[in-house]
Amino acid sequence: MSAAEQPGGPPLPGIDRDRVGRWLAANVDGLVAPVEFALVSGGRSNLTYRVTDAAGAAYALRRPPMGGILQTAHDMEREWRFVSAMAGTGVPVAPPLAFCDDTGVAGAPFYVMGFVDGLVLADAADAARLEPAARARAGESLVEVLVALHALDPYDRGLDAMVRSTGYAERQLRRWHRQIRQSEVAHLGLLDEVHDLLAAHVPAQRTGIVHGDYRPGNLAFGPDGTVRAVFDWELATSGDPLADVGYLVATWQEPGDSEPVGTHGATAVPGFPSRKDLVERYARQSSRDVSDVPYWVAFAQWRSACIGVGVRARYAAGHMADDGYREQAQARADQEIRLAETARDALRGLAP
């Protein structure tokens, strides 16, 4: 993670330095006051801060956006429970340290975890910092971690309350379709059309743990390409594991790609495995039937477009930190349209 320190006076969104600092000193074992806060760049949803204590130890703090929160989104306790459930498994996460449900401290619930040093592949420049052999290893490692995640039983990990009786696709279609209608969007008709196609082609589903946003930009890698931690469990739930595979494929770029993916081209740098290689490796290591992955790729593209609608709405309303995103609003809207059109065309080609 990279972060720009904003010490002393300038206010940080969502952080009262004195109140939060006192809470951290009282509730995080080993933390030495006073602390400094830095907003971590790159987040478009929940806000993440690097916290550095007086002894130089680093922590990460997560809280919701400042406002404009859609129903069921940005649930900090939910994130906390998933991160805590992963601790001690084959899925590497930052060590969970403390959860605060007192909204008087920061205006919203938040949680604190250890800060994992590693390379997050947010764009091509990040990917170029890895040697070609490490890029290949990164592709292998992220599949290994995904297989490990999908092998976990949510009941065994204490996530009973997170298991839903209805299908993942049906729940997600209802959720995102409802939420985009709470935001002003010019291309609602297109998103409605894709929604209807997805609803008409829902495959048979299994139940497991779904991360919901599994991609290189939400992972920390070591210099050799091995995954050190999985971040951003905001969308985690129970559901069909192939949803994660479809999303990974939908956001994975290859050299020479022209299709819209909604990411910044980290995996288009030579040396990473292809989308086909990822799916084949996942199939071998998990022993799962992956024939429904094309549906989940289209689903991921539509959902990404819906998420983009919500993010733009929060920036327009001033509920997110001003990091230059507003200037890209029209380009983001155009990207949503391309994603939805790509999903629509793929779904039209599926057998009825």
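Throughout, read-outs are computed from the coordinates displayed, never taken from laboratory work. Computed from a predicted structure; not experimentally measured. Please note: Cβ atoms are built from the backbone with ideal geometry, for glycine as well, and neighbour counts cover all protein chains shown.
General observations
- Size of region 164-223: Rg and Dmax of its alpha carbons, in Å, are 15.1, 45.
- To the nearest ten degrees, helix 275-286 and the longest principal axis of the Cα atoms of the chain are 80 degrees apart.
- Degrees separating the helix 188-200 axis from the principal Cα axis of the chain, which is the longest one: 70
- Most fluctuating residue given options E254, E131, E336, as computed from a GNM of the chain linking Cα atoms under 10 Å: E131
- For the chain, the longest principal axis of the alpha carbon atoms and the long axis of helix 293-316 meet at an angle near 40°.
- Helix-only [θ]222 nm of the chain, DSSP H runs n ≥ 4, -39500 (n - 2.57) each, per residue, nearest 500: -12500 deg cm²/dmol
- Pairwise label distance in nanometres, R206 with S258, each label 7 Å out on the Cα-Cβ vector: 3.7
- Using C-alpha pairs below 8 Å separated by at least 6 residues, the relative contact order for region 77-119 is 34 percent.
- Cα-based shape type of region 203-272, given that a ≥ b ≥ c are square roots of the gyration tensor eigenvalues and the cut on a/c is 1.5: oblate
- Rough spin-label spacing in nm, given labels placed 7 Å along Cα→Cβ, for V32 and D156: 4.1
- Pair-distance profile P(r), taking every C-alpha pair of the chain, with 20 angstrom steps and integer %: 30, 62, 9, 0
- Residue among S165, S183, S84 with the largest mean-square fluctuation in a Gaussian network model of the chain, springs linking Cα atoms under 10 Å: S165
- Sequence-distant contacts, meaning Cα pairs under 8 Å at least 6 residues apart, place the relative contact order of the chain at 18 percent.
- On full extension, the segment bounded by T103 and E184 gains 26.2 nm, given 0.36 nm per residue less the C-alpha separation.
- Under a Gaussian network description of the chain, with springs only between Cα atoms under 10 Å, the residue in Y155, Y214, Y49 that fluctuates furthest is Y155.
- Relative to its residue count, region 131-180 spans a Cα convex hull of 136 Å³ per residue.
- Coupling constants for region 151-156 follow from the phi torsions by the Karplus curve (6.51 cos²θ - 1.76 cosθ + 1.60, θ = phi - 60°), and in residue order they are 7, 6, 8, x, 5, 4 Hz; glycine and proline get x.
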